[in-house]
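What follows is a single structure, written as structure tokens, with notes after it.
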Amino acid sequence: MNPGIRERLVLTAVGWIAAGLIFFPVFWMVLTSFKTEVEAVQTPPSLFFTPTLENYAAVRERADYVHFATNSVVISLGATLLALVVAVPAAYAMAFFPGKRTKDLLLWMLSTKMMPAVGVLIPVYLLFRDFGAIDSRWGLIVVYTLMNLPIVIWMLYTFFKEVPKDILEAGRMDGARPRQEVWLLLMPLSLPGIASTALLSIILCWNEAFWSLNLTTSAAAPLTTFIASFSAPEGLFWAKLSAASTVAIAPILVFGWMSQRQLVRGLTFGAVK
Amino acid sequence: MNSISIQAPRAGVLVRRGRRRVGRGLPAALALLPTALVVLVVYVGCMLWTVRLSFTGSTLLPRYDWVGFAQYVRLFANDRFLTSAGNIVIFGILFITGCLILGFLLAVFIDQNVRGEGVLRTIFLYPYAMSFIVTGVAWQWFLNPGLGLQKLMRDTGFPGFTFDWLVNPDMAIYTIVIAGIWHGAGLTMAILLAGLRGVDSDLWKAARVDGVPAWRYYLSVVLPLLRPMVVTATVLLATGVVKLYDLVVAMTLGGPGISTEVPAKFVMDHLFERNNIGLGTAAATIMLIAVVSILAPWVYARYVREEGGRV
């Protein structure tokens, strides 16, 4: 539909107001993180103030923030890499050599994504205890990989399906071995898709709290656990909590902004092109 | 088109020169094996293990005795569990409906060719990229009567303004719904927008010639065409409902009292704080059964439709 110019201006204004409203809680949180604790709960709330970095300094000192951030980075990247290593061959097989049961297998794997995680929590916890994996980075990496594997395979599968088979076949005619076919032809051709998938996996790992809250205490605890530990029910230390949260979402906001297309495609599980 | 649908493998794919097919097909099957095994062993195995534990009297450590349905009897006499179950139903219905309505409105809006569409789309989608923990923290502050919205309104000249749902046991669950909708509406928008883009613009021209108002056009013509996208969005949102845990932990910790308890939190609490594996696994089993019974007809319908339709 193509409305007239005036309507269009109104619509644009409404759009930005809506965006502002939606973004307001985040904006306010970021703003609060630069205030002192007193300013943060001041009446009336101040929009103009002298920004301070004291909360960030406090957060860093108080809870060894760098340690948690490192855990988040290592675990997210580790789990994403591991998931891709397992998923690329699987998705390749499904997309180019589908058997009678391929569709069933895909549906099966996706359906596990819908099952409640608490349904497997207790056995996983017991296994973790037996293997000494509680509060370890590798333990979380394994769990996150398993958690995201169905989605990662599914997404790669949809991307691989878009790659023209003729190109791979031409490569085969020229004597490419399966590994070369995947590395030299398929991966470069579906790079945006792989990037979307990796971004989604990183975001899911980064945001994950269910498993990390229950399987880690301190040594391997990522940022989500850190923030949850900060969150006092009465909103004490609001400015510091805001600083901690801001730090936790900043990489995603910045990273997401730089790769908007991949973000949209990734977050909608490849449904939106 | 853009919906998440599993396509039937095309018949022609396997017809290649015989030896090459075997040579390629075998490693392909091997590549699938670890994944298939993981799905089977880890998921199914752990679920069965959970079910088994729910028939034992396990407390701090797992025991493998047999107490029949004793845990389930206790479970359904447990106020905390009944509240949790009620809450997840309330949350599920309101959250999915809310996200669909708001997401549809946002999608229709963006479809008007507004300026800066890409930027707006990303901003609308941003909440979905944030963790439930941060979402919970941000909203906990925003809805806190002494700190956020209520204070802001009173300070700016509305002394009678009251919005204390967060600390009101009867209303607290709805604050979680609000935060949830804020988190999920953007995702719904993005999916429905993709669908809107696929709608033939001639339809609108025809509707306008007939004097159909815009809202009527979107409701009666466009919405039915978007059915696959609505289904996709609903499925994705529903998986979020089942997982509802971290949002509650960050926002209310189940309070005030037990008013915002949810099943996932019930299971965790009984495993870690109350040392009652038996009761916890019984609750987890009920959740599994609930999800399977919702999922089964859908999967079945899908199978029947696809098998009958395309293959």
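The values are calculated or read from the model by the stated rules, or taken from the named source; none is laboratory data. Everything quoted here is computed from the prediction, not taken from an experiment. Every residue, glycine as well, gets a Cβ built from its backbone with ideal geometry; the counts of neighbours run over all protein chains shown. Surface accessibility is based on the protein's heavy atoms, side chains included, excluding ligands, DNA and RNA. Shrake-Rupley method; radii C 1.70, N 1.55, O 1.52, S 1.80 Å.
Residue check: is A:VAL124 crowded, with 21+ Cβ neighbours inside 10 Å and within 23 Å of B:LEU30 (Cα to Cα)? No: the conditions fail for A:VAL124.
The sole residue among B:PRO34, B:PRO127 that is surrounded by fewer than 14 Cβ atoms within 10 Å (Cβ to Cβ) and in a helix (DSSP H, G or I) is B:PRO34.
Kindly check whether there is at least one residue in segment A:76-90 that is closer than 30 Å to A:ALA239 by Cα and in a helix (DSSP H, G or I). Yes, there is a match, as at least one residue in segment A:76-90 is closer than 30 Å to A:ALA239 by Cα and in a helix (DSSP H, G or I).
Only one of the listed residues (A:VAL86, A:VAL152) is under 23 Å from the mean Cα position of the chain (by Cα), under 25 Å from B:LEU236 (Cα atoms) and at the interface with another protein chain (Cβ under 9 Å from one of its Cβ atoms). That residue is A:VAL86.
Scanning segment B:267-293 for residues that are at the interface with chain A (Cβ under 9 Å from one of its Cβ atoms) and either modelled with pLDDT under 85 or open to solvent by 50 Å² or more (accessible area, probe 1.4 Å) (or both), we see that the one that is nearest to B:ARG63 (Cα to Cα) is B:LEU271.
Of the candidates B:LEU120, B:LEU106, B:LEU53, the single residue that is free of Cβ contacts under 8 Å to residues at least 12 places away in the same chain, within 13 Å of another protein chain (Cβ to nearest Cβ) and either buried (at least 20 other Cβ atoms within 10 Å of the Cβ) or closer than 22 Å to B:GLY180 by Cα (or both) is B:LEU120.
Specify the residue that is least open to solvent (accessible area, probe 1.4 Å); the eligible residues are those in segment B:152-186 that are among the hydroxyl-bearing types (Ser, Thr, Tyr) and at pLDDT 85 or above.
B:THR175
Out of B:ALA264, B:ALA238, one residue alone is of a type in the set (A, V, I, L, M), assigned to a helix (DSSP H, G or I), out of contact with any Ser or Thr (no Cβ under 6 Å at 6 or more places or on another chain) and surrounded by 24 or more Cβ atoms within 10 Å (Cβ to Cβ). It is B:ALA264.
Would you pick out the residues in segment B:131-172 that are among the aliphatic types (A, V, I, L, M) and either closer than 25 Å to A:ILE249 by Cβ or not in a helix (DSSP H, G or I) (or both)? Residues satisfying the conditions are B:ILE133, B:VAL134, B:VAL137, B:ALA138, B:LEU143, B:LEU147, B:LEU149, B:LEU152, B:LEU166, B:MET171, B:ALA172. Checking each residue in segment B:187-222 for being open to solvent by 60 Å² or more (accessible area, probe 1.4 Å) and in contact (Cβ under 8 Å) with a residue 24 or more places away in the chain picks out only B:ARG197. Here B:THR83 does not qualify as polar (S, T, N, Q), in a helix (DSSP H, G or I) and at the interface with another protein chain (Cβ under 7 Å from one of its Cβ atoms).
Counting only helices (runs of 4 or more DSSP H) that fall entirely inside segment A:113-224 and contain at least 1 residues that are farther than 30 Å from B:ALA250 by Cβ, the qualifying elements are A:118-130, A:137-161, A:165-173, A:191-207. Considering segment A:97-117, and only residues there that are within 7 Å of chain B (Cβ to nearest Cβ) and either in contact (Cβ under 8 Å) with a residue 24 or more places away in the chain or polar (S, T, N, Q) (or both), the residue that is nearest to A:LEU204 (Cα to Cα) turns out to be A:LYS113. Taking segment B:130-167 as the range and being aromatic (Phe, Trp, Tyr) and more than 10 Å from chain A (Cβ to nearest Cβ) as the test, the residues that pass are B:PHE158, B:PHE161, B:PHE163, B:TRP165.
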